[in-house]
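The values are calculated or read from the model by the stated rules, or taken from the named source; none is laboratory data. No experiment lies behind these values; they were computed from the predicted model shown. Counting neighbours? That spans all protein chains shown, and the Cβs are built from the backbone with ideal geometry, glycine included.
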Amino acid sequence: MKKILLLVLLAACALVFSGENTSSVKICILGSCAGTEPQKGRHHTAWLLQTGSKLYQFDAGENCAYTAHLAGYDLSQLRAIFISHPHQDHVSGLPHLVMVRNKLASARFKRKMAVKPLPIYTPIPTLVTGLQDFLTATTCGRYDYRSGTNITGKTVRDGKFFDDQTLSVEALHNRHCGDPDKTGQWFSFSYKITVNGKKIVYSGDIRRLEEMSPFLRDCDLLLMENGHHKPWQVAEKIRQTPAWKVKRLIFLHHGRSVLNTPEETARKTEKAWGKPAEFAVDGMTLML
Ligand SMILES: [Zn+2]
Ligand SMILES: [Zn+2]
């Protein structure tokens, strides 16, 4: 009898475990625009990845927490935030995002400090120390669930720097923010995310497509910025480079071509890509 019970228990555990590993991956674009002046219906760059109940956020442009919360995502389930580089159009939503996360997470603990600090991965540590000072100042000097002690800054360097057994992230520097500082620290990174057997590449902002070459050799989905690049030139270059295998290409961080001449841009990019090109809009979701 005991043996049967043990077998049933093991089978249940295996089911739960396999369920966790085969959770679908959902991506939500919270902001699809490059760092332009305000655009109707578009916000600066941010996107969420959800698998099971876990949430991970990449970049944090203006208003990202508002969009995510109203779209039904539980930001108290955020496991980490990954910042590609510290330009405003990628980080200006951070203070509000952290405040909302802490508010939702701490509500469960009667507003005590029980909520675990949220890791923020960034090329520049002062982004997080400055954010901590700002958050603490906004609590009128009190240290409580809203203050900056509820986040932890982690410095991004090349290579795999995050792996929680659900999702791993690898960084590759680029020259979008110029040369590294005196210590060799780069300011801008592209990310390769591996989750549920899928490989997602997020360009961040980059100077040249070739900077991401190692990441493009095996890529199920490329989320590619076009604030500094013409989408049709990107599509053409990828198609013409045999070593690169990009199965799906979605443009985000839109620049003037997409914003001002969307039809013409879509037509030219479709011709270069050989099939209809995909351009992100705010609130768009996709399943992997
Ligand atoms: Zn940008
Ligand atoms: Zn930038």
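I'd like the full set of residues that are surrounded by fewer than 20 Cβ atoms within 10 Å (Cβ to Cβ) and either touching a residue at least 60 places away in the same chain (Cβ under 8 Å) or over 20 Å from residue 201 (Cα atoms) (or both), limited to segment 246-259.
Matches in segment 246-259: 256, 259.
Can you tell me which residue in segment 120-169 is nearest to residue 102 (Cα to Cα), limited to those that are modelled with pLDDT of 95 or more and of a type in the set (Phe, Trp, Tyr)?
Taking the candidates together, the pick is 121.
Can you find a residue that is within 18 Å of residue 207 (Cβ to Cβ), of a type in the set (D, E, K, R), modelled with pLDDT of 95 or more and touching a helix residue (DSSP H, G or I) at 6+ places or on another chain (Cβ under 8 Å) anywhere in segment 260-278?
No, every residue in segment 260-278 fails to be within 18 Å of residue 207 (Cβ to Cβ), of a type in the set (D, E, K, R), modelled with pLDDT of 95 or more and touching a helix residue (DSSP H, G or I) at 6+ places or on another chain (Cβ under 8 Å).
Can you tell which of 116, 103 is away from ligand 2 (no atom under 16 Å from the Cβ), assigned to a helix (DSSP H, G or I) and not polar (S, T, N, Q)?
Checking each option against the conditions leaves just 103.
Taking segment 242-264, which residues are within 26 Å of the chain's Cα centre (by Cα) and of a type in the set (Val, Ile, Thr)?
Passing the criteria: 246, 250, 258.
Return a yes/no flag: does segment 265-284 have any residue that is under 15 Å from the mean Cα position of the chain (by Cα) and of a type in the set (D, E, K, R).
Yes, there is a match, as at least one residue in segment 265-284 is under 15 Å from the mean Cα position of the chain (by Cα) and of a type in the set (D, E, K, R).
Is segment 84-94 home to any residue that is out of contact with any helix residue (DSSP H, G or I) (no Cβ under 9 Å at 6 or more places or on another chain) and more than 16 Å from ligand 2 (Cβ to nearest atom)?
So far as segment 84-94 goes, no, none of its residues is out of contact with any helix residue (DSSP H, G or I) (no Cβ under 9 Å at 6 or more places or on another chain) and more than 16 Å from ligand 2 (Cβ to nearest atom).
Can you tell me which residue is surrounded by the fewest Cβ atoms within 10 Å (Cβ to Cβ) among those in segment 42-53 that are over 12 Å from residue 280 (Cβ atoms) and away from ligand 1 (no atom under 12 Å from the Cβ)?
53
From the list 172, 222, 209, exactly one residue is touching a residue at least 12 places away in the same chain (Cβ under 8 Å) and under 21 Å from residue 124 (Cβ atoms). Which is it?
Result of the check over 172, 222, 209: 172.
Can you go through 149, 122 and tell me which one is over 17 Å from residue 83 (Cα atoms) and either of a type in the set (Ser, Thr, Tyr) or under 17 Å from the mean Cα position of the chain (by Cα) (or both)?
Being over 17 Å from residue 83 (Cα atoms) and either of a type in the set (Ser, Thr, Tyr) or under 17 Å from the mean Cα position of the chain (by Cα) (or both) holds for just one of 149, 122, which is 149.
Of all residues being surrounded by fewer than 19 Cβ atoms within 10 Å (Cβ to Cβ) and among the hydrophobic types (A, V, I, L, M, F, W, C) in segment 63-90, which is nearest to ligand 1 (Cβ to nearest atom)? Just the residue, please.
That would be 71.
Which of the residues belonging to segment 167-220 are away from ligand 1 (no atom under 16 Å from the Cβ), within 17 Å of residue 80 (Cβ to Cβ) and touching a helix residue (DSSP H, G or I) at 6+ places or on another chain (Cβ under 9 Å)?
Within segment 167-220, 170, 192, 196 qualify.
Being among the aliphatic types (A, V, I, L, M), surrounded by fewer than 22 Cβ atoms within 10 Å (Cβ to Cβ) and within 16 Å of ligand 1 (Cβ to nearest atom): is that true of residue 223 here?
Here the answer is no, as residue 223 does not meet what is asked.
Considering only segment 70-78, I want to know if a residue exists there that is of a type in the set (D, E, K, R) and more than 16 Å from ligand 2 (Cβ to nearest atom).
Yes, the conditions are met somewhere in segment 70-78.
Would it be correct to say that residue 164 is in contact with a Gly (Cβ under 8 Å, 6 or more places away or on another chain) and loosely packed, with under 14 Cβ neighbours inside 10 Å?
Against the criterion (in contact with a Gly (Cβ under 8 Å, 6 or more places away or on another chain) and loosely packed, with under 14 Cβ neighbours inside 10 Å), residue 164 does not qualify.
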